[in-house]
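Every read-out reported here was derived from the displayed coordinates using simple, explicitly stated rules and does not represent laboratory data. The model shown is predicted, which means the values in this text are computed figures rather than measured ones. Because the Cβ atoms are built from the backbone with ideal geometry, glycine has one as well, and the counts that use them run over all protein chains shown.
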Amino acid sequence: MIKSNILVIIPARKGSKGIPSKNKKELLGKPLISYTFDIASKLDDNYFTYVSSDDEEILKIAEEYNIKNNGLRPSHLSSDQALTIDVIKYELEIAEKKNNLIFDAVLLLQPTCPIRQIDHLLEAEKLLEQNVDASIVSVEKIDSNHPFRMKRIENGFLINFIDQGFEDMRPRQHLPTVFIRNGSIYLTPRKFIVEDNSMVSKKTIPIIMDEKHSINIDSYIDFLAAEHYLSR
């Protein structure tokens, strides 16, 4: 069986509002982004991995793992307002010209998810081969923060975010099972990126990951949680 040629993009811009220089911040003695570089470097030859960054230091860290780059990301794709899909399409166009190759799919690996495992990526590839008209997205089961418990504020009053016509006070074990994207894995056929301008297609297949592997670092508390799990 011929394997799909997959472009791997690791987006890592210099700026970060919540945690300054988050992608370079040390987690148990090495930069956060190194965990994603380490996993990506273990992928087979049908994967073509590139880091996308506006930070020279990150490009140098990537070189230690033999991760390629298409030069510094332009400033208009490095701001807080820049969309990930625009970054992906930019890197895809350059990588295809460089490799004289039309990729079958794109794998997005965000460096803020340091505890994903190689088995998760292999599972995603297997699902892609079996479902060529769907994207593969990693998710985590929602527990206490269930949407039936969520509120919005309107005119100073709490309003149910999802209006069921009553206040849902059921124990969480009795609520419908709900999942949320955890940001760890997005694997999408090229055509959806180019034609639909999206990393998530209408038909999407989940990879369900547990709480530990779903840690996505947005705050210092997330850093502490990642340190806890990784040190164990």
>> Over the Cα atoms, compute the radius of gyration (one decimal) and Dmax (the largest Cα-Cα distance, rounded to a whole number) for segment 59-150, in Å.
In response: 16.6, 51
> With charges only on Cβ, +1 for K and R and -1 for D and E, what is the dipole size of the chain about its Cα centre, in debye, rounded to 20?
Replying inline: 180
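Given the pairs K42/K126; K14/K89; K22/K60; K22/K68; K17/K202; K60/K203, which span a C-alpha to C-alpha distance of over 26 angstrom in this model? Present the calculation step by step, with values, prior to reporting the outcome.
On the way: K42/K126 16 Å; K14/K89 19 Å; K22/K60 16 Å; K22/K68 21 Å; K17/K202 31 Å; K60/K203 38 Å.
In this structure, K17/K202; K60/K203 exceed 26 Å between Cα atoms.
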> Residue by residue, what Karplus-based ³J(HN,Hα) values in Hz, rounded to whole numbers, does segment 45-53 have, using 6.51, -1.76 and 1.60 with θ = phi - 60° and x for Gly and Pro?
Replying inline: 5, 7, 9, 10, 9, 10, 8, 10, 8
> Roughly what would the spin-label model give for K126 and S198, points 7 Å off Cα along C-beta, in nm?
Replying inline: 2.8
>> Given points 7 Å out from each Cα along the Cα-Cβ axis, report the Q81 to S231 separation in nanometres with one decimal.
In response: 4.2
>> Output needed: percent of Cα pairs per 5 Å distance bin for segment 154-232, bins running from 0 to the one holding the longest distance.
In response: 3, 10, 13, 13, 12, 18, 17, 11, 4, 0
> Which entry in (1) 19.1; (2) 17.6; (3) 18.4 matches Kirkwood radius over Cα pairs in Å derived from the coordinates of this structure?
Replying inline: (1)
> What residues have an amide H closer than 5 Å to that of T49, excluding those fewer than 5 places away on the same chain, when H is modeled at 1.01 Å from N in the peptide plane?
Replying inline: V8, K68
> Counting other C-beta atoms within 10 Å, which of S144, S198, S53 has the fewest, and how do the rest follow?
Replying inline: S144, S198, S53
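Taking the square root of 5 times each eigenvalue of the Cα gyration tensor, what semi-axes in Å does the equivalent ellipsoid of segment 1-121 have, largest first? Walk me through the numbers before you get to the answer.
Numbers: eigenvalues 99, 65, 29 Å².
The equivalent ellipsoid of segment 1-121 has semi-axes of 22, 18, 12 Å.
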